[in-house]
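The values are calculated or read from the model by the stated rules, or taken from the named source; none is laboratory data. These numbers were taken from a predicted model, which means no experiment stands behind them. Note: ideal-geometry Cβ built from the backbone for every residue, glycine included; neighbour counts use all protein chains shown.
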Amino acid sequence: MHRMKRNLRIWREMSDLVGRMCWKIAAKKNQTVIWQKPLTNDCYMEREPDTRPPLCQSGEDPDAVWKVNMESCITPYSDHGPNTLKLIYDRGLIGSIHNWCEAFSTYPQTYDLLHAWTVFSDIEKKGWSFEDLLMEMDRILRPTGFVIIRDKQPVIDIIKKYIPALHWEAVATADSSSDSVEDGDNVVFIIQKKLWLTSESFRDTE
């Protein structure tokens, strides 16, 4: 009972915090919740004065990470900055633009989470294979890792046909009629990669 009360208190405090940060629930199943940040500054501008955490000062550089004090503030989207990632030099990464019809240069089972935002629609326009991309994602995703796919409903329907063969499991879907989806016709589809168990594995557990 004490643990249930403690978990409920943590959930309420977290929900209150992320609500003030303008996050919304994209998907929820049992005790697993996927939160979504806003795509614009509209919600930030509509908050009550003195809402915590505050917005960061406009003069602060959100990409400054060396020898700066951490601030408990929200970085708004820039109205003037480019909609691209900046180059990163400090640890040797200059940035990469990847052609997803080719293998990604990384070790197998490296990532716990993959997020594909209209990637499948993009490769479909170029006539590339869904199957190849899904197999490459399976190669670099760790067992029990998650995939978040945000794309058109017809694309999601095609992907669903392949997940049993990959031993992936659909966790949740937020359709375009949901308030949690802010980008029009796109659907949020969340999948988990399961462990591959052979008949020998089942016999060992008996």
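Here THR173 passes the criteria (1) of a type in the set (S, T, N, Q); (2) more than 15 Å from the chain's Cα centre (by Cα); (3) at pLDDT below 90 except the one numbered (2). Hey, does the stretch 44-63 have a residue that's at pLDDT below 70 and either surrounded by 10 or more Cβ atoms within 10 Å (Cβ to Cβ) or touching a Pro at 6+ places or on another chain (Cβ under 7 Å) (or both)? There is at least one residue in the stretch 44-63 that is at pLDDT below 70 and either surrounded by 10 or more Cβ atoms within 10 Å (Cβ to Cβ) or touching a Pro at 6+ places or on another chain (Cβ under 7 Å) (or both).
Here is a yes/no grid of residues against (1) hydrophobic (A, V, I, L, M, F, W, C); (2) within 29 Å of GLN192 (Cβ to Cβ); (3) in contact with a helix residue (DSSP H, G or I) (Cβ under 8 Å, 6 or more places away or on another chain):
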| position | (1), (2), (3) |
| --- | --- |
| ARG6 | no, yes, no |
| ARG9 | no, yes, no |
| LEU17 | yes, yes, no |
| CYS22 | yes, yes, yes |
| ALA27 | yes, yes, no |
| THR32 | no, yes, no |
| TRP35 | yes, yes, yes |
| ASN41 | no, no, no |
| PRO49 | no, no, no |
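Do the conditions hold for MET4, that is, is it modelled with pLDDT under 90, out of contact with any Pro (no Cβ under 9 Å at 6 or more places or on another chain) and of a type outside the set (Val, Ile, Thr)? In short, yes.
The residue that is modelled with the highest pLDDT, counting only those in the stretch 136-166 that are under 17 Å from THR110 (Cβ atoms) and out of contact with any strand residue (DSSP E or B) (no Cβ under 8 Å at 6 or more places or on another chain), is ARG139. Scanning the stretch 161-174 for residues that are among the charged types (D, E, K, R) and in contact (Cβ under 8 Å) with a residue 12 or more places away in the chain turns up just one, GLU169.
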